[in-house]
1. Scan region 342-361 and tell me whether some residue there is assigned to a helix (DSSP H, G or I) and within 21 Å of ALA76 (Cβ to Cβ).
2. For region 205-233, give me each residue that is out of contact with any Phe, Trp or Tyr (no Cβ under 6 Å at 6 or more places or on another chain) and more than 14 Å from the ligand (Cβ to nearest atom).
3. From GLY87, GLY139, GLY170, grab the single residue that is touching a Ser or Thr at 6+ places or on another chain (Cβ under 8 Å), within 16 Å of the ligand (Cβ to nearest atom) and modelled with pLDDT of 95 or more.
4. Name the pairs whose Cβ atoms lie under 8 Å apart, with the first residue in region 300-325 and in the same structural domain as ARG265 (by TED's automatic domain parsing), the second aliphatic (A, V, I, L, M) and outside any helix (DSSP H, G or I), and 6 or more positions between them or separate chains?
5. Give region 215-266 a look and list any residue that's among the polar types (S, T, N, Q) and surrounded by 18 or more Cβ atoms within 10 Å (Cβ to Cβ), or say none.
6. Determine whether VAL366 is exposed (fewer than 13 other Cβ atoms within 10 Å of the Cβ), within 16 Å of the ligand (Cβ to nearest atom) and of a type outside the set (Gly, Ala, Ser).
7. Would you check if ALA138 is outside the structural domain of LEU46 (by TED's automatic domain parsing), in contact with a Phe, Trp or Tyr (Cβ under 6 Å, 6 or more places away or on another chain) and surrounded by 16 or more Cβ atoms within 10 Å (Cβ to Cβ)?
8. Please enumerate the residues belonging to region 99-121 that are over 25 Å from TYR148 (Cβ atoms) and within 16 Å of the ligand (Cβ to nearest atom).
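The values are calculated or read from the model by the stated rules, or taken from the named source; none is laboratory data. Note that the coordinates shown come from a computational prediction; the quantities given were computed from them, not determined experimentally. Cβ sites come from the backbone with ideal geometry, for glycine too, and all protein chains shown count toward neighbours.
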Amino acid sequence: MAVDLTPTPDVADLARRTAEFVRDVVVPIEERTGGVARSEDVRIELQRAAKDAGVFAPHVAPEYGGHGLDMRGRAAVFEEAGYSLLGPLALNIAAPDEGNMHMLEAIATDEQKERYLRPLASGEIRSCFAMTEPAPGAGSDPSALTTYAEREEGGWRIEGRKWFITGAEGAGFAICMARTSGKPGEAGGATMFLVDADNPGMKTVRHIDTLDESLYGGHIELVFDNCRVPDDAVLGEVDEGFRYAQVRLGPARMTHCMRWLGIARRAQDIAVARAAEREVFGSRLGDLGMVQQMIADNEIDIAASRGLILQACWELDQGRSGSQSTAIAKTFCAEAVWRVVDRAVQICGSLGISGDVLLGRFLREVRPFRIYDGPSETHRWAIARRVMRRHDAEATR
Ligand SMILES: Cc1cc2nc3c(=O)[nH]c(=O)nc-3n(C[C@H](O)[C@H](O)[C@H](O)COP(=O)(O)OP(=O)(O)OC[C@H]3O[C@@H](n4cnc5c(N)ncnc54)[C@H](O)[C@@H]3O)c2cc1C
């Protein structure tokens, strides 16, 4: 079947305006802050500017103040926003809020949408998604989930420990995944709970010191200790949490790829500008074969990543699960973006290592992407298993 991946005129216009906004407004703030927004003042300044420019919340339905883009539309706009580390925060499409909005739109009740989605979509509050646990709990294998919730009069009591919960510091609420049936190691039995930040049973243990710093609100270790929530805190159906996690994870994988693809393009632009002006051994860097190879390989990685993202987004827009195509795109992009930024550092020489350009910061920010949203090894394992299953099914026909 022919697949047309050309953006519609509306999407192309929004992508162009986003690119201008990022270049003219966000990049100067990024350079001032070193790519890390450390205060609410910076977040509010960025989001107010994005609203004024008419590029805020491109992913959310118009009734919640957004532009209602489908996944292919997001691919074009998010890549432009990702050209700066602070672009996604400005447009309110940064992780984990963007993925949480997507899931709330898909499965929350009308009351939950008013209470959580509406203020999240407007940037009034932020959120976090609490799934991963310290060993031996849930990580690349979600079925190892140990945090549990027990029914009690009028609601539930959650007990457990989570870590690496991005954005938890200052978030208005958490979406917590807890086991409501079965034992750790069993595939089903998880439920999602909406937990308000002022719940005395949800406590911050520590702010984890990490290689990356640009995701707003840090990476936090949380404990759920006698954490009582009412029945209407259940998001979706009881025991269906793992299925709903897929609603969030497939698209969220792709939106991470889109944003980091923007950083890859930025790194390539920095490297090409340097290659055009720097002379060594009587030649411009950009006229030397081995530098040209790095420039060309960067272009190939960027173009291939974009193609894989669009293919997977097209499948998601058709209502398909996209499990294979999103796993392929995520694995390739996470590794390609790292290669592009690393080559850009190499082309720039000592300048690339210095704080005079942001390449060192980009390198630190993109490295964890090969681990979160599924490590490359987990995805390769799942991709290969699907291939083997397909082979076995065809062999028995
Ligand atoms: C910066 C950052 C932000 C994060 N934000 C969040 C968040 O907001 N919310 C949240 O819930 N979690 C978050 N996480 C956690 C993330 O989802 C987990 O790190 C990820 O699922 C991997 O789990 P783990 O770290 O426990 O690694 P483990 O499960 O211990 O895996 C370790 C390594 O084992 C290897 N491996 C895994 N599976 C296989 C396999 N099948 N075959 C071969 N090798 C394999 C891989 O190399 C993997 O890196 C974040 C992590 C990072 C680094």
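1. Looking for residues that are assigned to a helix (DSSP H, G or I) and within 21 Å of ALA76 (Cβ to Cβ), one finds none in region 342-361, hence no.
2. VAL205, ARG206, VAL223, ASP225, ASN226, CYS227, ARG228, PRO230, ASP231, ASP232
3. GLY139
4. Taking only residues 6 or more apart or on different chains, the pairs are LEU310/LEU5; GLN311/VAL3; GLN311/LEU5; TRP314/VAL3; TRP314/LEU5.
5. THR255
6. For VAL366, the condition - exposed (fewer than 13 other Cβ atoms within 10 Å of the Cβ), within 16 Å of the ligand (Cβ to nearest atom) and of a type outside the set (Gly, Ala, Ser) - is not met.
7. No.
8. If the condition is that a residue be over 25 Å from TYR148 (Cβ atoms) and within 16 Å of the ligand (Cβ to nearest atom), then MET101, HIS102, LEU120 are the ones that fit.
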